[in-house]
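These notes are about the structure you will find just below.
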Amino acid sequence: MSRSMIKPVVSAKEAVQTIKPGNAIMVGGFNYGGIPYTLVDALIEAGTDNLTMISNDTIYADVGHGKLVANGRVKKVIASHVGLNKKTGELFNAGKLELELVPQGTFVERIRCGGFGLGGFLTPTGVGTVVEEGKQVMEVEGKKYILELPLRADVALIRAHKADRMGNLTYLGTNRNFNPTMATAANVVIAEVDSIVDIGELDPNEIVTPGILVDLLVVKGDSYYAART
């Protein structure tokens, strides 16, 4: 087996060094579930700013990637729901944060398009509302659709359950949410996992994200890294 197929296991601090000021990042999760907390905390500690954050929500001001918004590290948010994080609204109303709200189904399909090299997709969701403002509206067989464009990121921070050393990932319950889709749509994918097993120990039928999509592995709490050092 080629050594290039073995994915590096690094600390969260090392991993987030791949994120530069001004980058677009995707962050997995839906409310509390499936957030890569260890990676997000390391990114906050790194002080990286001017980020565009693509996430389902901005959670709460003191939780997960909501802290990136609250600490002023994000210049633009692309999300489906931001109402639980009061700082998001405050910063937007103060002109300190750009905000693009996207219907949830549209949100994930835009990411899917970005991951699979598609030029976009047509959806009736939002036709005749503010959602269509500034977008191309097309008529197909007498029905109007909005052309929604792909979403991609420089780096995706995702959360999985187990990984093997080739980077193949499994997920636990609803923590799966947006993580597998985001893993397809970024130049660099960093996966935070509960544990790393030897090659061959994962049931192939349970693998959701193939290792070819994953660049770096980080164990939750940096426990694996700490044990190695």
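The values are calculated or read from the model by the stated rules, or taken from the named source; none is laboratory data. Please read all numbers here as calculations on a predicted model, not as lab measurements. Glycine also receives a Cβ, built like all others from the backbone with ideal geometry; neighbour counts cover every protein chain displayed. When the accessible area is computed, the model is the full protein with side chains, heavy atoms only, and any ligands, DNA or RNA have been set aside. Shrake-Rupley method; radii C 1.70, N 1.55, O 1.52, S 1.80 Å.
Some observations on this one:
- Options I54, I78: the member that is surrounded by fewer than 24 Cβ atoms within 10 Å (Cβ to Cβ) and under 13 Å from the mean Cα position of the chain (by Cα): I78
- Residue tally, condition open to solvent by 20 Å² or more (accessible area, probe 1.4 Å), farther than 19 Å from T18 by Cα and in a strand (DSSP E or B), over segment 174-229: 3
- Search result, residues across segment 148-167 that are without any contact (Cβ under 8 Å) to a residue 60 or more places away in the chain and in contact with a Leu (Cβ under 6 Å, 6 or more places away or on another chain): A160, H161, D164
The rows are residues; the columns are (1) within 20 Å of R159 (Cβ to Cβ); (2) in a loop (DSSP other than H, G, I, E, B).
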| position | (1), (2) |
| --- | --- |
| I44 | yes, no |
| M53 | yes, no |
| G72 | no, yes |
| I78 | yes, no |
| L84 | yes, yes |
| K87 | no, no |
| E90 | no, no |
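- Test: residue in segment 137-146 that is touching a strand residue (DSSP E or B) at 6+ places or on another chain (Cβ under 8 Å), surrounded by fewer than 20 Cβ atoms within 10 Å (Cβ to Cβ) and either at positive phi or in contact (Cβ under 8 Å) with a residue 40 or more places away in the chain (or both): no
- Evaluation of S11 against (1) within 30 Å of G200 (Cβ to Cβ); (2) of a type in the set (S, T, N, Q); (3) under 15 Å from the mean Cα position of the chain (by Cα) (one fails), failing number: (3)
- The one condition from (1) open to solvent by 30 Å² or more (accessible area, probe 1.4 Å); (2) over 12 Å from A191 (Cα atoms) that A153 does not meet is (1).
- The residues listed here are V10, V77; of these, the one that is in contact (Cβ under 8 Å) with a residue 12 or more places away in the chain, among the hydrophobic types (A, V, I, L, M, F, W, C) and within 28 Å of P150 (Cα to Cα) is V77.
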